[in-house]
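K.L.:
Could you have a look at this structure, given as structure tokens, before my questions?
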Amino acid sequence: MKRGDLQPGRCHPLGATVYPNGVNFSLFSRSCYGVELLFFDGPDDAQPSRIVRLDPRTNKTFHYWHCFVPGIVPGQLYGYRVHGAFDPGRGLLYDGRKLLLDPYAKAVALGRNYDRSAGCRPGDNTGHAAKAVVVDPSGYDWEGDEPLRSDYATSVIYELHVGGFTRHPSSGVAPARRGTYAGLVEKIGYLKELGITAVELMPVQQFDVQDAPPGLRNYWGYSPMAFFAPHSGYSSAADPLLAMDEFRDMVKALHRAGIEVIMDVVFNHTAEAGHEGPTQSFRGLENTTYYIYDLVHRRYENYSGCGNTVNTNHSVVRRMISECLRYWVEHMHVDGFRFDLASVMARGESGEPLERPPILWSIESDPVLAGTKIIAEAWDAAGLYQVGSFIGERFAEWNGQFRDDVRRFVKGDRSEVFRLTNRILGSPDIYPQPDRETNRSINFVTCHDGFTLNDLVSYNAKHNEANAEQNRDGSDYNFSWNCGVEGPSSSRAMEALRLRQIKNFLAILFISQGTPMLLMGDEVRRTQHGNNNAYCQDNETSWFDWDAIRQHGDLLRFVQGLIRFSRSYSVFNLSHIPRQPYTDGDAQVTWHGVRQKRPDLGDESRSVACELKSRLDSEHVFIMISAFWEPLAFELPRCDAGYAWHRVVDTSLRPGEDYCQPGRAPRITGRRYLLRDRCVAVLVARRVKAPRTGTNDRT
């Protein structure tokens, strides 16, 4: 390229910015001595079509290398080579032979010859490297769309994998659209009918599918390469430019259905992994800026469990993360973010926990993000556990203690009743702040990481042999119970017990204070055959099998009913955690045992009952929960004059009776309710218009 074709450009904005007559490129690299900007005609090209060598005298401001190239248009492929010292003792890992991705790339092209291992080997990787794509995010017709900004109190979150949701042949989606953003759009009606109000998408930032054991693919997506770019593998079109629009089409369609889009974002580590990982981008640009690096031992600190840790509180990285979040809100219209291993972002530049981490306060106070949901997975892989103590006033939290305590109770472990009462009330022992909103606790029993709900009642131990890691991967602390037989069973009694246990988990999830989150497919007993770490199983092990809707339609209807019921009753959505004497101004909460006002919270107890009474809209609910292996007769509280108890939920009953709409629920006569072994029942008080015959007496 002739010097006359190149202009100095500007250092801001970072990345590739499109103007009418060309593109401005800007890149941060502090300690290098030379930068080359390379252009390509195709994603598999081993040789660039043009090379622009940046002059540090005219194309550098402070530590920012920049230039303006006239005539460049959206769709142009590009990358960088950065030259400097290779000195691990100083944290410098420059390799001028490696093609590097722009950290601000808004689209990524992966050719047929992409090879992660080429970035691990010495030498030129250009023909096998990912390449950035020039993108102009303006000009898309949003047709008036805006983020929905729904309250947590009205939300039901569905953790969903974009690829796995429609990739199974049974999805009915055309082959070209299976496992894509467009494929998901075709299934919005299912989500709407289920009662979902928000999808929490597992990682959709461009990730490295080759970051997996040999012969397998990275399925989950927790291996990010480019934070600003939608994952091109979820696009039904080969053109990487179209991935952005297809993602936005999906968001717009979900919004039309009243469903929010929450992104699971991964800022704690990248696909470059540890010292044996590939040089793809950040490592070759400015290693100790982007990563927490131990200069003494010449190694990456590994608070993420994935080989490296992003240096999130470095000023340059902090700015990149903030600008990235703003980009996804302003240009892609997403409604919120779930921060994977968010406690990593509470660590300083040496890895030490910070009392007031700058990046988290930046997210908390950013006016662009003020209307979004921000949800923290408030722990990391190195033992920093901050559930209940995560910074700020805005962050909601994945309540991992809810998951563990509910699992242990339903399993039948001792000493769990008192913990269960706290989880049902919104975890006041974990969240003691008097002004904290109850629904900032994101309650879940299962998520992508661990057993599915079906497997939680079918396996005592993990079965991860297919992951090619000798079953060493995945957690050994599942708090699961196979009900007597490991894996599938042909016993009707066994299957009936497992189904009842599944319904017990679901009932507790939806009647508890907090925002419920359901794992994709749990409503129809999706199984991973005991694999509790299916991160590399991009196959039918992980995919949603749509035939299960027919096979387990009764359970699906039960879940639909639970969602409608729990979201329509205000006593399940209190604005603040009830305190002693268990009131929050709008409702009264009373604990009982099998006898009225005598809850047994001792170590040997396996049952408890809860009475919720609204002060504003006459709601009166009685919940009985038992993990005991024999039936129990619970005394019923008295209803107000003119009201009687009606059974809405009883997980022991056959389909059609296990859930009844409140307006059609059968009346309960007598002063006791006989609860079957290992069962949950929910009664509501309704006005009695006239004496009824044929009522259900569970005395």
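Rule-based calculations on the coordinates, nothing more; no lab input. Quick caveat: nothing in here was measured; it's all calculated off a predicted structure. Note that we place each Cβ from the backbone using ideal geometry, even for glycine, and neighbour counts take in every protein chain shown.
K.L.:
Let me check against my output: what whole-number percent is the relative contact order of the range 359-403, with C-alpha pairs under 8 Å and at least 6 apart?
P.N.:
It comes to 39 percent, rounded to a whole number.
K.L.:
What is the range 161-315's relative contact order, in percent, from Cα pairs under 8 angstrom and six or more apart in sequence?
P.N.:
Relative contact order, the range 161-315: 20 percent.
K.L.:
Relative contact order of the chain, please, whole-number percent, based on alpha carbon pairs below 8 angstrom and at least 6 residues apart.
P.N.:
Reported as a whole number, the value is 10 percent.
K.L.:
Express in % the proportion of alpha carbon pairs of the chain at distances exceeding 37 Å.
P.N.:
Counting pairs separated by more than 37 Å, the tail of P(r) holds 41 percent.
K.L.:
For a quick check: sort I321, I502 by the number of other beta carbons within 10 angstrom, fewest at the front.
P.N.:
Final ranking by Cβ density, sparse to dense: I321, I502.
K.L.:
Counting only helical runs of four or more DSSP H residues, what would the 222 nm mean residue ellipticity of the chain come to if each run contributes -39,500 (n - 2.57) and the total is spread over all its residues?
P.N.:
-5500 deg cm²/dmol
K.L.:
Neighbouring Cβ atoms within 10 Å as the yardstick, rank E143, E364, E286, E330 fewest first.
P.N.:
E143, E330, E364, E286
K.L.:
Looking only at the chain, where both bridge partners belong to it, what percent of the DSSP beta bridges are antiparallel (to the nearest 5)?
P.N.:
If I count the DSSP bridges inside the chain, around 75 percent turn out antiparallel.
K.L.:
Could you pull out every whole DSSP H run in the chain that spans at least 24 Å of Cα extent along its own axis and averages 0.0 or higher on the Kyte-Doolittle scale?
P.N.:
Answer set is 492-511.
K.L.:
Largest first and to the nearest Å, give the Cα extent of the range 516-560 along each principal axis.
P.N.:
Ordered largest first, the range 516-560 gives principal extents of 31, 25, 14 Å.
K.L.:
Taking the DSSP beta bridges in the range 63-216 as the whole, what percent of them are antiparallel, to the nearest 5?
P.N.:
65
K.L.:
Oh, and also: Points 7 angstrom from Cα along the Cβ direction at S117 and E495: gap in nanometres?
P.N.:
Rounded to a tenth, the inter-label distance reads 4.5 nm.
K.L.:
Kindly state, as a whole number, the per residue volume in cubic angstrom of the convex hull around the alpha carbon atoms of the range 597-699.
P.N.:
Per-residue hull volume (Cα only) is 105 Å³.
K.L.:
Holding the Cα-Cα limit at 29 Å, pick out from K252/K373; K373/K597; K106/K252; K106/K373 the pairs that are longer than that.
P.N.:
Too far apart for the 29 Å limit: K373/K597.
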